[in-house]
1. Is it fair to say H81 is touching a Phe, Trp or Tyr at 6+ places or on another chain (Cβ under 9 Å) and farther than 23 Å from G179 by Cα?
2. Considering only segment 190-227, state which residues are surrounded by 18 or more Cβ atoms within 10 Å (Cβ to Cβ), at pLDDT 90 or above and under 16 Å from A21 (Cβ atoms).
3. Of everything in segment 54-65, what is surrounded by fewer than 18 Cβ atoms within 10 Å (Cβ to Cβ) and of a type in the set (A, V, I, L, M, F, W, C)? Give them in sequence order.
4. Against the condition among the acidic types (D, E) and surrounded by 17 or more Cβ atoms within 10 Å (Cβ to Cβ), how does D41 come out, does it pass?
5. If you check E72 against the conditions, is it among the charged types (D, E, K, R), in a helix (DSSP H, G or I), within 18 Å of L34 (Cβ to Cβ) and over 16 Å from the mean Cα position of the chain (by Cα)?
6. With (1) more than 17 Å from W227 (Cα to Cα); (2) within 19 Å of the chain's Cα centre (by Cα); (3) surrounded by fewer than 20 Cβ atoms within 10 Å (Cβ to Cβ) as the list, and A28 as the residue in question, which single condition is left unmet?
7. Name the single residue that is nearest to F194 (Cα to Cα) among those in segment 228-257 being of a type in the set (V, I, T), surrounded by fewer than 16 Cβ atoms within 10 Å (Cβ to Cβ) and touching a helix residue (DSSP H, G or I) at 6+ places or on another chain (Cβ under 7 Å).
8. State all residues of segment 166-216 that are of a type in the set (A, V, I, L, M, F, W, C) and either touching a His at 6+ places or on another chain (Cβ under 6 Å) or closer than 16 Å to A95 by Cα (or both); if no residue qualifies, say none.
Amino acid sequence: MSRLKNQWVLITGASSGFGAAAARAFGAAGANVLLGARRVDRLEEVAVEARQAGAPAAHVHALDVASTASVEKFAAWTRTHTARLDVLINNAGGAKGFDTVAQGKDEDWEFMMQTNVLGVLRMTRALLPLLTGNPGSSILNIGSIAGRTAYEGGSAYCAAKAGELQITRALRLELSGTGVRVATIDPGFAETEFSLVRFKGDEARAKKVYEGMFPLTAEDVAETLVWVASRPAHVCIDELVIKPTDQAAIHKVFRRT
């Protein structure tokens, strides 16, 4: 029997990509899911998929992690469904633009810092009271190998994901003794809407990122999240890096001709 059966799992950025796949995967493990994102129409579709996969309950609510007011409303809504959380997945985030620092745009930088860094802080602060009274619960933050190695054109995104990594490490220390587990799951190349958002709708450029290789899928990452969350309560997977076999490092990718 799944350790996640009837647990409550909250997922941000659940309208697509890792978040949507996680909703289905946790649903298949018998968990209840609470889903947040800005695209509520898409969230509703994901909730149906989660129920079809096996979730006893799947509820949705609008959420913009870049807004403290939105996060607080979402936290209040969460409390109408459950008095405790078993898993908080801080997935909302992403990259915008591939500019050098000299060519960078304030709106892109602000998006990346608001979602990947401040969004994680806001959500965790708002939901911690539902986690700290529940030993064995987990906070799973979605990072990136970009938070561990810088690359050209990635200054703000690399900085944002390095921020997520350090937030995770600080939380791990701050929550020691509460029984709450804290982890960062850091993927390499994964083919989702990520590159389409980064390149602002340029499909050809987005597809070129994965040309000639076999990238991770959203389902690969979702399966990893379920594994991390379902470890026994005394086991904490602090940091997990997951890359496609074709990617040995940020700049070392095997591509077939």
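1. Criteria not met by H81.
2. The answer is A190, E191, P215, L216, A218, V221, A222, T224, L225, V226.
3. A57, A62
4. Spelling it out, it is not the case that D41 is among the acidic types (D, E) and surrounded by 17 or more Cβ atoms within 10 Å (Cβ to Cβ).
5. yes
6. In the conditions (1) more than 17 Å from W227 (Cα to Cα); (2) within 19 Å of the chain's Cα centre (by Cα); (3) surrounded by fewer than 20 Cβ atoms within 10 Å (Cβ to Cβ), A28 misses (1) alone.
7. It comes out as I242.
8. Correct list: F189, A190, F194, L196, V197, F199, A206, V209.
The values are calculated or read from the model by the stated rules, or taken from the named source; none is laboratory data. Since we're looking at a predicted model, the values are computed, not measured. Reconstructed Cβ throughout: ideal geometry from the backbone, glycine too, with neighbour counts over all protein chains shown.
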